[in-house]
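The structure appears right after this line, and notes come after that.
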Amino acid sequence: MRSRYSAHVLGNIDYLLRSWDNTQASAGDIKDWVEGHDWLGLQILQCRQGGPSHKTGTVEFIAYYRPKGSQERLAHHELSNFIRADGHWYYVDGATPKGAPKKTGRNDPCPCGSGKKFKQCCI
(Lines give C-alpha, C1' and ligand atoms only; values in the text may rest on other atoms or scores of the structure.)
Protein backbone atom coordinates (compact mmCIF):
# COMPACT_ATOMS: atom_id res chain seq x y z
CA MET A 1 0.00 0.00 0.00
CA ARG A 2 2.72 2.47 0.93
CA SER A 3 4.56 1.78 -2.32
CA ARG A 4 1.41 2.54 -4.32
CA TYR A 5 0.89 5.78 -2.39
CA SER A 6 4.53 6.71 -3.06
CA ALA A 7 3.93 6.03 -6.75
CA HIS A 8 1.06 8.55 -6.63
CA VAL A 9 3.34 11.14 -5.03
CA LEU A 10 6.13 10.51 -7.55
CA GLY A 11 3.82 10.19 -10.55
CA ASN A 12 5.06 6.65 -11.28
CA ILE A 13 2.16 5.52 -13.47
CA ASP A 14 4.03 2.43 -14.72
CA TYR A 15 4.38 1.11 -11.17
CA LEU A 16 0.71 1.74 -10.44
CA LEU A 17 -0.29 -0.22 -13.53
CA ARG A 18 2.18 -3.07 -12.79
CA SER A 19 0.95 -3.38 -9.19
CA TRP A 20 -2.72 -3.56 -10.19
CA ASP A 21 -4.08 -7.12 -10.41
CA ASN A 22 -6.50 -6.54 -13.27
CA THR A 23 -6.54 -2.87 -14.20
CA GLN A 24 -9.70 -1.67 -15.82
CA ALA A 25 -8.65 1.97 -15.90
CA SER A 26 -6.60 3.33 -18.73
CA ALA A 27 -3.08 4.65 -18.20
CA GLY A 28 -4.38 8.06 -19.27
CA ASP A 29 -7.12 8.07 -16.63
CA ILE A 30 -4.65 7.08 -13.91
CA LYS A 31 -2.12 9.66 -15.08
CA ASP A 32 -4.77 12.41 -15.06
CA TRP A 33 -5.84 11.44 -11.51
CA VAL A 34 -2.28 11.23 -10.16
CA GLU A 35 -0.94 14.37 -11.83
CA GLY A 36 -4.10 16.39 -11.17
CA HIS A 37 -3.57 16.34 -7.40
CA ASP A 38 -0.96 17.22 -4.79
CA TRP A 39 -0.55 14.26 -2.44
CA LEU A 40 -0.32 15.41 1.18
CA GLY A 41 -0.10 12.32 3.36
CA LEU A 42 -1.08 8.75 4.04
CA GLN A 43 -2.59 7.31 7.20
CA ILE A 44 -2.81 3.52 7.51
CA LEU A 45 -5.73 2.71 9.82
CA GLN A 46 -5.48 -1.08 9.85
CA CYS A 47 -4.11 -4.08 8.00
CA ARG A 48 -5.56 -7.59 7.97
CA GLN A 49 -3.35 -10.43 6.90
CA GLY A 50 -0.76 -9.39 4.30
CA GLY A 51 2.13 -11.00 6.14
CA PRO A 52 4.91 -13.14 4.66
CA SER A 53 2.83 -16.34 4.81
CA HIS A 54 -0.42 -14.82 3.48
CA LYS A 55 -1.78 -14.84 -0.06
CA THR A 56 -4.26 -12.00 0.54
CA GLY A 57 -4.39 -8.84 2.58
CA THR A 58 -6.64 -5.89 3.30
CA VAL A 59 -5.53 -2.35 4.12
CA GLU A 60 -7.74 0.45 5.38
CA PHE A 61 -6.20 3.85 4.74
CA ILE A 62 -6.85 7.54 4.30
CA ALA A 63 -4.87 9.39 1.63
CA TYR A 64 -4.92 13.18 1.88
CA TYR A 65 -4.72 15.22 -1.31
CA ARG A 66 -5.52 18.57 -2.86
CA PRO A 67 -6.64 19.18 -6.45
CA LYS A 68 -3.94 21.15 -8.31
CA GLY A 69 -4.60 24.88 -8.06
CA SER A 70 -7.02 24.47 -5.16
CA GLN A 71 -6.73 25.03 -1.42
CA GLU A 72 -9.41 22.42 -0.71
CA ARG A 73 -7.92 19.51 1.20
CA LEU A 74 -9.68 16.19 0.60
CA ALA A 75 -9.39 12.70 2.02
CA HIS A 76 -9.78 9.41 0.18
CA HIS A 77 -10.77 6.70 2.69
CA GLU A 78 -10.59 3.18 1.28
CA LEU A 79 -10.58 -0.47 2.30
CA SER A 80 -8.27 -2.05 -0.30
CA ASN A 81 -7.88 -5.72 -1.15
CA PHE A 82 -4.55 -7.17 -2.28
CA ILE A 83 -3.32 -10.57 -3.45
CA ARG A 84 0.20 -11.92 -3.59
CA ALA A 85 1.45 -13.73 -6.67
CA ASP A 86 5.04 -14.66 -7.50
CA GLY A 87 6.23 -12.84 -4.38
CA HIS A 88 4.62 -9.51 -5.31
CA TRP A 89 1.52 -7.78 -3.92
CA TYR A 90 -1.15 -6.60 -6.35
CA TYR A 91 -4.05 -4.24 -5.76
CA VAL A 92 -7.35 -5.99 -6.56
CA ASP A 93 -10.08 -3.51 -5.63
CA GLY A 94 -11.30 -1.21 -2.91
CA ALA A 95 -14.42 0.23 -1.35
CA THR A 96 -15.12 3.37 0.62
CA PRO A 97 -16.19 2.52 4.18
CA LYS A 98 -19.45 4.08 5.32
CA GLY A 99 -18.94 7.37 7.12
CA ALA A 100 -15.58 8.02 5.44
CA PRO A 101 -14.33 11.60 5.79
CA LYS A 102 -14.49 13.74 2.66
CA LYS A 103 -12.20 16.58 3.73
CA THR A 104 -10.37 17.94 6.74
CA GLY A 105 -12.16 20.85 8.43
CA ARG A 106 -10.23 23.97 9.40
CA ASN A 107 -10.68 23.26 13.13
CA ASP A 108 -9.99 19.51 12.90
CA PRO A 109 -6.68 18.13 14.12
CA CYS A 110 -4.15 18.20 11.30
CA PRO A 111 -3.75 14.73 9.76
CA CYS A 112 0.01 15.24 9.52
CA GLY A 113 0.20 14.37 13.23
CA SER A 114 1.57 17.72 14.46
CA GLY A 115 -1.14 18.06 17.13
CA LYS A 116 -2.11 21.50 15.79
CA LYS A 117 -5.43 22.49 14.27
CA PHE A 118 -5.46 22.04 10.50
CA LYS A 119 -5.93 25.81 9.93
CA GLN A 120 -2.73 26.51 11.89
CA CYS A 121 -0.63 23.84 10.23
CA CYS A 122 -1.01 22.46 6.70
CA ILE A 123 -3.71 24.67 5.20
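The values are calculated or read from the model by the stated rules, or taken from the named source; none is laboratory data. It should be emphasised that the depicted structure is a prediction, and the values quoted were computed from it without experimental measurement. Cβ sites come from the backbone with ideal geometry, for glycine too, and all protein chains shown count toward neighbours. The accessibility values were calculated without ligands, DNA or RNA, using every heavy atom of the protein model including side chains. Shrake-Rupley method; radii C 1.70, N 1.55, O 1.52, S 1.80 Å.
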Subset of the range 8-19 (residues that are free of Cβ contacts under 8 Å to residues at least 60 places away in the same chain and more than 17 Å from ILE62 (Cβ to Cβ)): LEU10, GLY11, ASN12, ILE13, ASP14, TYR15, LEU16, LEU17, ARG18
Yes or no: the range 46-68 includes at least one residue that is in contact (Cβ under 8 Å) with a residue 60 or more places away in the chain and farther than 23 Å from GLY87 by Cβ. no
Would you check if there is a residue in the range 23-39 being in a loop (DSSP other than H, G, I, E, B), surrounded by 15 or more Cβ atoms within 10 Å (Cβ to Cβ) and in contact with a Phe, Trp or Tyr (Cβ under 7 Å, 6 or more places away or on another chain)? no
Count of residues meeting criterion [open to solvent by less than 70 Å² (accessible area, probe 1.4 Å) and either at pLDDT below 75 or of a type outside the set (Gly, Ala, Ser) (or both)] in the range 67-92: 14
Yes/no for ARG48 being surrounded by fewer than 16 Cβ atoms within 10 Å (Cβ to Cβ) and in a strand (DSSP E or B): yes
Counted residues in the range 51-81 being among the aliphatic types (A, V, I, L, M) and part of a loop (DSSP other than H, G, I, E, B) come to 0
